[in-house]
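Notes follow the structure.
The values are calculated or read from the model by the stated rules, or taken from the named source; none is laboratory data. Small disclaimer: the values here were computed from a predicted structure and weren't measured. All Cβ positions, glycine included, derive from the backbone under ideal geometry; neighbour counts span all protein chains shown. The protein model used for the area step is the full one, side chains on, heavy atoms only, and it has no ligands, DNA or RNA in it. Shrake-Rupley method; radii C 1.70, N 1.55, O 1.52, S 1.80 Å.
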Amino acid sequence: MSRRNPKGREINGIVLLDKDTGLSSNAALQQVKRLFFAKKAGHTGSLDPLASGILPICLGQATKVAQFLLDDDKRYFVRGKLGEMTDTLDCEGEIVKTQAFEHLNKAEIIDAVMSFQGDILQVPPMYSALKKDGQPLYKLARQGIDIERPPRPITIHNIDFISYEHGVVTLEVSCSKGTYIRSLIQDIGDKLGCGAHVIELRRTGFTHIDIAQTIKFSDLESLATDNYQLLDEKIFATEDMLPDIESIYLDEQQAIDIKHGRSINKPCRFKVVKLFDNSKQFLGIGEPDEDGSIKPKRLFV
């Protein structure tokens, strides 16, 4: 009988987790890593404990492409409460100010919401993982420290206004990377002159991924067996999670050179490419040079 590797299994690919509320992204990651007994794992696109929805968990060598997933657009379902501002911009924080909102009508609210579509500048919240001199902003915020955050360009591709009832506005938002939905709801509240904070947030789309493709941790647990076969069927191939990156197929010698970290002579007009050998096995990510060659950037070998 073969002995179990105490460090974990060498498995590669991506699990599309539907994260529950109440868990940090790292806590969800550790749950999945233990369940799959993976030697290495990482997540991409953090979600606040308040938020639920799509959290891609990268296993093994798939952690090398996490940065490419981060560059993609995302979709959210969000409910915001007007008239109350909190220190964290969501319902997990302390209410710091209240203002009247009852005088607002639906048309005024829709106009304010839609004014944020397009290319805008957004100030990141203090309660975020952004860093100042190596220190996460949320740690400074917990100490009562508020520092100036320069506004950053983001794009709100589309906002679907779903409803407004009893001071709660419900939206679906499609946006670029780097967008903070908590800040968006606060900005909408500020524009209306009453303030607002997030009371529910769910990531429903991540690049080409839809929430229907995800699986909850409780459902993963029900598939756990000693041989991991049913669990492993829930792992997506890494290359399939990068549909917007063009594929390049190499001949035998080119594949050998790439595997050894050498550039290959192959003109290419893309910024990055997925590299496959002549058996269509995924080798990793390549980066074209101006001299007409492609150099390895992230290899799966």
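Can you compute the helix-only [θ] at 222 nm over the chain? Use -39500 (n - 2.57) per DSSP H run of at least 4 residues, normalise by all residues, nearest 500 deg cm²/dmol.
Numbers: 8 runs with 62 residues, N = 301.
Using -39500 (n - 2.57) per qualifying helix, the result is -5500 deg cm²/dmol.
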Two-site label geometry, TYR249 and LYS131: point separation in nm, points 7 Å out along Cα→Cβ: 4.2 nm
Length released on extending from ALA27 to GLU233, taking residue separation times 0.36 nm less the Cα-Cα span: 71.9 nm
Label corresponding to Cα extents along the principal axes in Å when calculated from the structure given, among (i) 55, 45, 33; (ii) 71, 52, 38; (iii) 73, 50, 47: (ii)
Between the range 242-267 and the range 69-96, the alpha-carbon center distance in angstrom: 42 Å
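What does the charge count around PRO296 come to, taking other residues whose C-beta lies under 10 Å from its C-beta (Lys +1, Arg +1, Asp -1, Glu -1)? Walk me through the numbers on the way to the answer.
Values: positive: LYS259, ARG262, LYS295, LYS297, ARG298; negative: ASP257, GLU287.
Net charge around PRO296: +3.
In whole percent, what relative contact order does the chain give with Cα contacts below 8 Å and a gap of six or more residues? All intermediate terms of the calculation are to be shown ahead of the outcome.
Details: 603 pairs, mean separation 59.7, N = 301.
Reported as a whole number, the value is 20 percent.
Express the accessible area of the range 137-198 per residue in Å², computed with a 1.4 Å probe while the remaining protein chains stay in the model. Before the final figure, lay out the partial values.
Details: 2910 Å² over 62 residues.
That works out to 47 Å² for each residue.
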The chain, accessible surface, carbon-and-sulfur percent (1.4 angstrom probe): 46 percent
Dipole of the chain, positive direction: furthest Cα of THR207, TYR180, ALA62, with charges on the beta-carbon: ALA62
Net dipole in debye of the chain [+1 Lys, Arg Cβ; -1 Asp, Glu Cβ; about Cα centre; nearest 20]: 1220 debye
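Please work out whether the range 159-301 counts as rounded, prolate or oblate from its C-alpha gyration tensor, where a ≥ b ≥ c are the square roots of the eigenvalues and a/c under 1.5 means rounded, while otherwise a/b larger than b/c means prolate and anything else oblate? Can you show the working numbers first?
Numbers: a/c = 3.99, a/b = 1.72, b/c = 2.32.
Verdict is oblate for the range 159-301.
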Spin-label pair LYS97/GLN213, simplified geometry with 7 Å Cα→Cβ offset, distance in nm: 4.2 nm
Dipole magnitude of the range 157-271 about its Cα centre (Cβ charges: Lys, Arg +1; Asp, Glu -1), debye to nearest 20: 560 debye
